[in-house]
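Worksheet: one structure, shown below.
The values are calculated or read from the model by the stated rules, or taken from the named source; none is laboratory data. Bear in mind that the values here come from a model prediction, so they are computed numbers and not experimental data. Here the Cβ positions follow ideal geometry from the backbone for every residue, glycine too, while neighbour counts run over all protein chains shown. Side chains included, ligands, DNA and RNA excluded: accessible areas come from the protein's heavy atoms. Shrake-Rupley method; radii C 1.70, N 1.55, O 1.52, S 1.80 Å.
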Amino acid sequence: MAFSEEVKLLAWKRAGGKCECGLSGCGHGARCNADLSGRTWHAHHVVSEQAGGSDALGNCQVLCVPCHENTGSYGRS
């Protein structure tokens, strides 16, 4: 499964259009906070589907592409 368009829109609104990264070692510090307006961004599963994570809003994180690529689960469900 994947996030619905509704969940992605709600996550975008919650994030205020900014990267929600809180990953250590992403190169951006505690929170990237990059403005994603007009930029490509990804909806990331905080807990991967493989590990039992859901497609609910509470498991969706808005990330800029570089931060998403630095997650341990990038490219996997």
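Reported count of residues in segment 1-15, each being within 16 Å of LEU63 (Cβ to Cβ) and either touching a residue at least 24 places away in the same chain (Cβ under 8 Å) or open to solvent by 100 Å² or more (accessible area, probe 1.4 Å) (or both), is 10. Residues in segment 38-65 that are polar (S, T, N, Q), outside any loop (DSSP other than H, G, I, E, B) and either open to solvent by 20 Å² or more (accessible area, probe 1.4 Å) or at pLDDT below 90 (or both): GLN50, GLN61.
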